[in-house]
Amino acid sequence: MRKDPAVAAEGHLPSKEDILAFIADSPGKVGKREIARAFGIGGGQRVWLKHILRELEDEGALDRRGKTLNRSGSLPPVVVADITTRDRDGEFIALPTEWDDGDGENPAPRILVNLPRRPKQGQPVPGVGDRVLLRLEANRDRDSAGKRGPAYFGRVIKVLTKTRARLLGIFRADPDGEGGRLVPVDKKMLGREIAIRAGDGGGAVDGDLVSVSVARAGRFGESTAKVIERLGSLKSERAVSLVAIHTHDIPNEFSPAALREAEEAQPVTLATEGSRQEDRREDWRTLPLITIDPADAKDHDDAVHAARDTDPANDGGYVLTVAIADVAAYVRPGTALDKDALERGNSVYFPDRVVPMLPERISNDLGSLRPHEDRPALAVRIVIDIAGRKRRHSFHRIMMRSAAKLSYQQAQAAIDGTPDDTTAPLLEGVLRPLWDAYAALTDARDDREPLALDLPERKLILKPDGSIDRVIMPERLDAHRLIEECMILANVCAAETLEQAGSPLIFRTHDEPSVEKLRALAEVLASIGLKAPKSGALTPSLFNGILAHVENSPNRDFINEVVLRTQAQAEYSVDNYGHFGLNLRRYAHFTSPIRRYADLIVHRALIRALKLGGDGLPAHTTREELAEVAASISAAERRAMAAERETTDRLIAHYMADQIGASFTGRIAGVTRAGLFVRLADTGADGFIPASTLGTDFFRYDESQHALVGSRSRKMYRLGDSVEVRLMEAAPVAGALRFELLSSGGTARKAARTSRDGASRDSRRRRV
């Protein structure tokens with residue numbers, strides 16, 4: 001029972017249980033201020049409250065997101081969830097799509113889904129297997145043991161994906177042409193096939209990706225499948241991405257209304273005489289803005305320019321301009337284009353295709369900053385000093401004309417002394433000032449000290465038929481970093497402007513690591529003779545110091561992996577709790593409205609807040625509505641990441657299918673009770689080694705060391721260890737590889753001693 005605030009005011013301070021109960025009972029966000037107001041805590045008692053909240057965090061009873069506090073293990077007010085089953089009363093039960101279960105020790109809370117008795121006409125009714133956006137209310141009547149009833153009640157805000165109870169797989173026809181079998185695409189069903197009887201094939205031919213319903217034939221009988229939908233042929237690797245598209249229910253066809261709106265859209269021009277003053281654009285077409293993108297990019301949504309600041313008060317400073325395609329001019333709120341874009345959330349990039357957020361007419365034509373063509377843009381002009389610190393900025397709605405379309409390699413080559421016909425005329429007047437401004441921004445970044453993880457990326461180079469030609473690790477150029485720093489600064493400007501204007505917006509947030517993950521990191525560091533920092537504010541520089549300490553030691557890759565896993569996942573939120581990885585207090589995505597819906601929202605908010613036109617964020621938009629959008633697009637982002645990763649795994653499994661028996665060098669990228677995940681050095685391919693194949697010894701999972709340790713031999717296989725493996729099996733459809741371990745492994749004691757002896761304090765830190 002919560003204490004009466006009047007009692008607290010008389011000197012009786014609330015207990016920890018009272019505080020936790022208040023946080024759990026409060027429907028909105030709760031911070032120290034709200035707790036102090038509720039219990040009448042003031043004056044010197046606020047110091048006491050600060051200490052109590054810190055103790056609750058250390059005990060794992062509270063989670064902190066910026067200034068917002070939640071009971072540990074609790075869910076936010078709005079969440080994306082999957083309806084997984086029905087209870088005994090026939091009510092739908094859902095589970096949150098994102099939940100850290102701690103290897104099964106902390107199961108996801110169950111949500112009972114409340115459905116309206118009379119759904120509105122046209123309102124989709126969810127079913128088992130659907131993904132939904134829910135507004136939650138904690139179940140206050142649940143027993144203290146937490147074993148009866150659901151943890152939450154959820155009201156459906158929106159059905160995100162309607163799915164049938166189905167199984168996806170590849171149809172393999174029987175030689176006699178009568179029936180066939182289904183090869184599931186799910187890795188969890190690797191090695192299992194389901195019979196499809198004659199007449200149940202639905203017209204599928206060998207190699208088709210199909211959706212089936214599965215019938216159980218009694219307790220011991222064989223299950224059979226019936227094809228309910230043909231989704232496309234997988235005869236060539238170019239169609240492999242179809243598997244991920246359908247597995248994750250990624251919308252890949254625009255509605256007829258959206259396509260019609262895109263085709264009917266007319267190019268935006270400078271406002272003519274008689275137009276409303278607020279709709280007029282500034283004419284910046286003579287400013288030599290340029291785009292710098294990957295060589296194969298088809299859409300160009302950002303352009304940059306830099307020049308020396310002529311203000312004597314800013315000696316050595318620069319005026320940096322970042323212009324972003326004005327997608328908001330073509331995609332208006334509430335239109336079919338807008339609805340399709342919100343459903344997709346973002347573009348999805350596969351090695352063989354792109355599933356765009358917007359139709360090609362917008363993304364590759366009207367909304368793309370093509371060279372030497374008039375294009376509308378939303379630009380930010382930023383004044384920085386000689387040390388790269390921002391002095392001021394201003395936003396402008398403009399008409400621009402890109403002076404050139406350059407690739408990263410092309411721009412870098414010009415700066416390095418080998419310009420071509422396109423870059424030679426731009427070298428002194430455009431490119432060198434950009435690089436000089438970038439040098440200043442680099443100084444500011446170094447002072448800020450963002451998280452400096454070394455995370456190499458792989459890129460698949462495909463043949464004309466869609467199969468893999470080779471796998472490369474692209475070199476990170478200064479040209480990449482230049483654009484990255486310009487975009488980060490522009491995003492900061494957008495967040496600052498909207499926050500200052502009191503405008504609702506969607507932040508790009510990245511929380512600091514949880515107390516539990518920090519404790520786990522401290523245990524890992526202790527296992528190799530290192531101590532975690534004990535005091536001071538939690539900042540990326542603390543992690544950078546750890547990474548620098550092991551840079552030249554055998555534990556470098558191991559600690560990089562562990563530090564990465566310690567970090568929280570970035571997301572979109574209407575609550576600003578900062579971006580821990582970038583070490584920024586406020587941050588919002590502004591620079592890619594062609595491929596991210598969050599950026600389109602920020603553009604509309606800027607247009608409305610700065611009175612730059614009549615097509616901004618609708619005046620009636622509420623914070624609650626944006627919270628729903630943030631949850632939806634965060635889920636879409638995670639969906640896209642999973643689909644992209646799985647497609648890459650399938651393509652690489654195809655690529656390696658004819659290399660069974662070959663040996664490879666790799667590193668242990670994951671350790672579980674079931675076995676080891678190994679990532680190969682040359683291709684970045686991931687495969688699994690079952691613990692049962694490691695030898696006659698019994699291997700137990702040591703969570704503190706992220707390792708499997710032999711009970712008798714004391715052999716240890718640990719996250720980050722370099723190993724030799726042999727490829728034993730490749731399953732291209734599931735994207736799965738199985739390895740045999742060839743390395744003998746070290747011992748727990750030897751590994752810890754070697755790690756301490758090999759540590760280096762003065763190694764170079766790498767930034768990503």
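Details
- The residue that is farthest from THR539 (Cα to Cα), among those in the stretch 65-85 that are modelled with pLDDT of 65 or more and assigned to a strand (DSSP E or B), is THR85.
- Flag for TYR577 being outside any helix (DSSP H, G or I), over 30 Å from GLY367 (Cβ atoms) and aromatic (Phe, Trp, Tyr): yes
- The set of residues from the stretch 320-350 being of a type in the set (Gly, Ala, Ser), out of contact with any Leu (no Cβ under 7 Å at 6 or more places or on another chain) and under 25 Å from LEU270 (Cα atoms) comprises ALA329, GLY334.
- Taking the stretch 286-364 as the region of interest, the strands (runs of 3 or more DSSP E) fully inside it that hold 2 or more residues being β-branched (Val, Ile, Thr) are 290-293, 318-325.
- Residue list for the stretch 695-720, restricted to those being in contact with a Phe, Trp or Tyr (Cβ under 7 Å, 6 or more places away or on another chain) and either open to solvent by 20 Å² or more (accessible area, probe 1.4 Å) or closer than 19 Å to VAL524 by Cβ (or both): ALA707, LEU708, VAL709, SER711, ARG718, LEU719, GLY720
- Residues of the stretch 488-529 satisfying the condition of being under 18 Å from VAL562 (Cβ atoms) and open to solvent by 30 Å² or more (accessible area, probe 1.4 Å): GLU512, SER514, VAL515, GLU516, LYS517, LEU518, ARG519, ALA520, ALA522, GLU523, ALA526, GLY529
- Any chance HIS620 is under 30 Å from ARG332 (Cβ atoms) and not in a helix (DSSP H, G or I): yes
- Within the option set ILE668, ILE601, ILE607, being among the β-branched types (Val, Ile, Thr), within 29 Å of TRP99 (Cβ to Cβ) and in a helix (DSSP H, G or I) holds for one residue only, ILE601.
- Subset tally (residues that are open to solvent by 30 Å² or more (accessible area, probe 1.4 Å) and within 25 Å of HIS305 (Cβ to Cβ)) for the stretch 447-470: 2
- Here ARG88 fulfils each of the conditions (1) modelled with pLDDT under 65; (2) more than 28 Å from LEU231 (Cα to Cα); (3) of a type in the set (D, E, K, R) apart from (1).
Residues are listed down the side, and each one gets a yes or a no for (1) modelled with pLDDT of 75 or more; (2) over 30 Å from ARG230 (Cβ atoms); (3) basic (Lys, Arg):
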{"position": "VAL132", "(1), (2), (3)": "yes, no, no"}
{"position": "ALA145", "(1), (2), (3)": "no, yes, no"}
{"position": "ILE157", "(1), (2), (3)": "yes, yes, no"}
{"position": "THR161", "(1), (2), (3)": "no, no, no"}
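- Residue in the stretch 410-431 that is part of a strand (DSSP E or B) and open to solvent by less than 30 Å² (accessible area, probe 1.4 Å) present: no
- Enumeration of residues in the stretch 587-601 that are touching an Asp or Glu at 6+ places or on another chain (Cβ under 6 Å) and either of a type outside the set (Phe, Trp, Tyr) or modelled with pLDDT under 95 (or both): HIS589, THR591, SER592, PRO593, ILE594
- In the stretch 163-174, the qualifying residues are those that are modelled with pLDDT of 80 or more and either polar (S, T, N, Q) or outside any loop (DSSP other than H, G, I, E, B) (or both), and the one that is most open to solvent (accessible area, probe 1.4 Å) is ARG172.
- Candidates THR335, THR310, THR321, filtered to the one that is without any contact (Cβ under 8 Å) to a residue 40 or more places away in the chain and among the hydroxyl-bearing types (Ser, Thr, Tyr): THR310
- Test result for THR622, at pLDDT below 95, farther than 30 Å from ALA532 by Cβ and polar (S, T, N, Q): yes
- Here ARG679 meets the list (1) within 24 Å of the chain's Cα centre (by Cα); (2) under 30 Å from ALA239 (Cα atoms); (3) in contact (Cβ under 8 Å) with a residue 40 or more places away in the chain; (4) open to solvent by 20 Å² or more (accessible area, probe 1.4 Å) almost entirely, failing just condition (3).
- Residue in the stretch 3-21 that is out of contact with any Cys (no Cβ under 6 Å at 6 or more places or on another chain), open to solvent by 40 Å² or more (accessible area, probe 1.4 Å), modelled with pLDDT under 75 and within 24 Å of ASP511 (Cα to Cα) present: no
- Here ASP315 clears all of (1) surrounded by fewer than 19 Cβ atoms within 10 Å (Cβ to Cβ); (2) closer than 30 Å to ALA642 by Cα; (3) at pLDDT 95 or above; (4) charged (D, E, K, R) except the condition numbered (2).
- Residues of the stretch 575-584 that are more than 15 Å from the chain's Cα centre (by Cα) and at pLDDT 95 or above: ASN583, LEU584.
- Single residue of the stretch 345-380 satisfying the filter (out of contact with any strand residue (DSSP E or B) (no Cβ under 8 Å at 6 or more places or on another chain) and of a type in the set (Asp, Glu)) that is most open to solvent (accessible area, probe 1.4 Å): GLU360
- Test for GLU637: is it farther than 25 Å from SER692 by Cα, open to solvent by 40 Å² or more (accessible area, probe 1.4 Å) and at pLDDT 90 or above: no
- Selection count, the stretch 290-312, where residues are open to solvent by 30 Å² or more (accessible area, probe 1.4 Å), charged (D, E, K, R) and within 26 Å of the chain's Cα centre (by Cα): 3
- For the stretch 640-656, a residue qualifies if it is touching a residue at least 60 places away in the same chain (Cβ under 8 Å) and open to solvent by 40 Å² or more (accessible area, probe 1.4 Å), and the qualifying residues are GLU644, GLU646, HIS654, TYR655.
- Taken together, ASP315, ASP374, ASP352 contain a single residue that is of a type in the set (D, E, K, R) and out of contact with any Lys or Arg (no Cβ under 8 Å at 6 or more places or on another chain), which is ASP315.
- Filter pass, MET473 being within 30 Å of PRO351 (Cβ to Cβ), open to solvent by 30 Å² or more (accessible area, probe 1.4 Å) and within 22 Å of the chain's Cα centre (by Cα): yes
- Residue list for the stretch 390-408, filter: loosely packed, with under 15 Cβ neighbours inside 10 Å and either in contact with a Leu (Cβ under 8 Å, 6 or more places away or on another chain) or in contact (Cβ under 8 Å) with a residue 40 or more places away in the chain (or both): ARG391
- The set of residues in the stretch 91-130 being open to solvent by 50 Å² or more (accessible area, probe 1.4 Å), of a type in the set (D, E, K, R) and either modelled with pLDDT of 70 or more or not in a loop (DSSP other than H, G, I, E, B) (or both) consists of GLU91, GLU98, ARG110.
- Among the candidates VAL322, VAL268, residue that is at pLDDT 95 or above and buried (at least 17 other Cβ atoms within 10 Å of the Cβ): VAL322
The values are calculated or read from the model by the stated rules, or taken from the named source; none is laboratory data. On a predicted model such as this, the values are computed, not experimentally measured, just so you know. Backbone-built Cβ (ideal geometry, glycine too); neighbour counts: all protein chains shown. To get the accessible areas, we keep the full protein, side chains included, count just its heavy atoms, and leave off ligands, DNA and RNA. Shrake-Rupley method; radii C 1.70, N 1.55, O 1.52, S 1.80 Å.
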